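Below you'll find the structure, written out as structure tokens, and then a few comments.
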Amino acid sequence: MPVLNEERYLEESVRRVLDQHYDGEVELVLAVGPSKDRTMEIARTLAETHPRVAVVENPTGFTPHALNAAIAATSHPFVVRVDAHGFLPDGYLEDVVDLLESTGAANVGGMMRVEGDTSFGHAVAAAMSSPLGIGGSKFHVGGEPGPARTVYLGSFRRDALVKVGGFDEHFLRAQDWELNYRLRQAGETVWFTPDLAVVYRPRRDFNALRRQFFGSGQWRRQIVDEHPDTASFRYLAAPVVTGLVALGSLLGLVGLVLALVPGLHVPGSAWLTLGFLAPFGYAFGVLGATYEMGRRRRLPWRARVLLPFVVATMHLSWGSGFLRSIPRSSRR
């Protein structure tokens with residue numbers, strides 16, 4: 001379990017793991033980064049209280065480093081990733097081990113069941129569980145059991161993890177997707193089943209959501225740059241929309257200034273204001289789609305009001321991050 005600034009949910013997440021019924025040994029390693037809250041204190045108390053819990057430090061605070069450190073501290077043949085703000089359902093460990101053994105897959109997983117506990121959280125949960133908000137990945141919207149490109153969290157055969165070298169610590173985000181790509185390239189199977197669903201608590205405000213999706217977009221760009229065959233419409237839709245909205249807004253503003261400011265009038269410049277069709281068209285499209293989504297999911301009215309802004313934040317932040325990529329000095 002990679003852990004950073006998780007005092008709100010850490011104890012419950014650990015309890016959900018320890019309450020699992022599994023006919024075999026279970027150890028839980030918390031790889032704790034330099035948190036700004038009481039996370040390390042809580043983690044150490046849990047380790048002192050429960051003999052099956054251990055703590056290792058993750059000085060970088062980055063997720064792939066935490067995962068590799070935790071894996072290195074264990075020796076069992078199955079490795080189950082858990083997030084400190086994700087809650088395992090009853091029977092999860094038994095189910096994933098059964099699937100690993102019955103399918104022969106290197107990694108099995110299911111769905112991210114996003115559950116908010118505020119109006120903002122309800123809106124984010126609806127968006128993240130819809131193709132409109134975050135694309136059509138099976139682990140977000142569901143699908144038939146079978147081989148998949150990636151799954152949520154993941155439960156692995158240790159030998160397969162070792163064979164491909166574990167998590168690539170270059171990828172500070174999207175490291176799970178990149179690992180699953182290498183597993184598939186090595187001839188292994190990544191197996192999805194909708195019967196597995198782990199509760200995920202979403203970000204709690206717009207600024208945190210923007211940072212999350214901007215960073216995800218940046219690192220997805222790195223995956224496409226390193227593995228060009230992974231590019232798809234789902235990855236490129238948000239950057240294309242973001243680019244069109246930005247370009248249309250710029251052309252519209254230039255046309256408006258040229259048309260209204262005395263002495264700057266240029267014949268035909270009024271046509272540039274048609275650029276506003278891009279941002280306004282996008283805005284009306286999002287409003288229409290989210291109105292229907294909120295009605296269908298019977299969201300509370302506060303969440304319905306927030307939903308279009310949440311979806312737009314996801315799209316434009318992810319698209320901006322993808323277009324910008326990570327700083328050149330951090331690229332490989």
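Among the numbered conditions (1) under 16 Å from the mean Cα position of the chain (by Cα); (2) crowded, with 18+ Cβ neighbours inside 10 Å; (3) of a type outside the set (A, V, I, L, M, F, W, C), the only one that THR193 does not meet is (1). Scanning region 119-145 for residues that are polar (S, T, N, Q) and either under 18 Å from GLN212 (Cα atoms) or surrounded by 18 or more Cβ atoms within 10 Å (Cβ to Cβ) (or both) yields SER129, SER130, SER137. The combined condition, being closer than 25 Å to ARG324 by Cβ, in contact with a Gly (Cβ under 8 Å, 6 or more places away or on another chain) and aliphatic (A, V, I, L, M), is not fulfilled by VAL199. Of the residues examined, ALA238 is not one that is within 28 Å of LEU4 (Cβ to Cβ) and touching a strand residue (DSSP E or B) at 6+ places or on another chain (Cβ under 6 Å). Just so you know, in region 101-118 the residues that are in a loop (DSSP other than H, G, I, E, B) and in contact with a strand residue (DSSP E or B) (Cβ under 7 Å, 6 or more places away or on another chain) include one that is surrounded by the most Cβ atoms within 10 Å (Cβ to Cβ), and it is ALA106. The requirement of being without any contact (Cβ under 8 Å) to a residue 40 or more places away in the chain, assigned by TED's automatic domain parsing to the domain that holds THR242 and closer than 30 Å to ALA231 by Cβ is fulfilled nowhere in region 296-306; no residue meets it.
The residues listed here are GLY275, GLY252, GLY281; of these, the one that is small (Gly, Ala, Ser), in contact with a Pro (Cβ under 8 Å, 6 or more places away or on another chain) and either surrounded by fewer than 17 Cβ atoms within 10 Å (Cβ to Cβ) or closer than 30 Å to LEU132 by Cβ (or both) is GLY252. Taking the criterion of being of a type in the set (Gly, Ala, Ser) and within 27 Å of ASN5 (Cα to Cα), would at least one residue in region 167-175 satisfy it? Within region 167-175 (the criterion being of a type in the set (Gly, Ala, Ser) and within 27 Å of ASN5 (Cα to Cα)), the answer is yes, since at least one residue qualifies. Residues that are out of contact with any Phe, Trp or Tyr (no Cβ under 9 Å at 6 or more places or on another chain), on the phi > 0 side of the Ramachandran plot and assigned by TED's automatic domain parsing to the domain that holds PRO64 do not occur anywhere in region 116-135. Considering GLN218, GLN185, GLN212, GLN222, the condition of being buried (at least 17 other Cβ atoms within 10 Å of the Cβ), out of contact with any strand residue (DSSP E or B) (no Cβ under 9 Å at 6 or more places or on another chain) and more than 26 Å from PHE309 (Cα to Cα) is satisfied by GLN222 alone.
One residue is enough: does region 243-266 have a residue meeting the conditions among the polar types (S, T, N, Q), over 13 Å from TRP318 (Cβ atoms) and within 20 Å of the chain's Cα centre (by Cα)?
No, the conditions are met nowhere in region 243-266.
Of the strands (runs of 3 or more DSSP E) lying entirely inside region 20-100, those carrying at least 3 residues that are crowded, with 20+ Cβ neighbours inside 10 Å are 28-32. Taken over region 82-103, the residue count meeting the criterion of being in contact with an Asp or Glu (Cβ under 8 Å, 6 or more places away or on another chain) and at pLDDT 95 or above is 2.
The values are calculated or read from the model by the stated rules, or taken from the named source; none is laboratory data. Being a predicted model, the structure only gives us computed values, none of them experimental. Backbone-built Cβ (ideal geometry, glycine too); neighbour counts: all protein chains shown.
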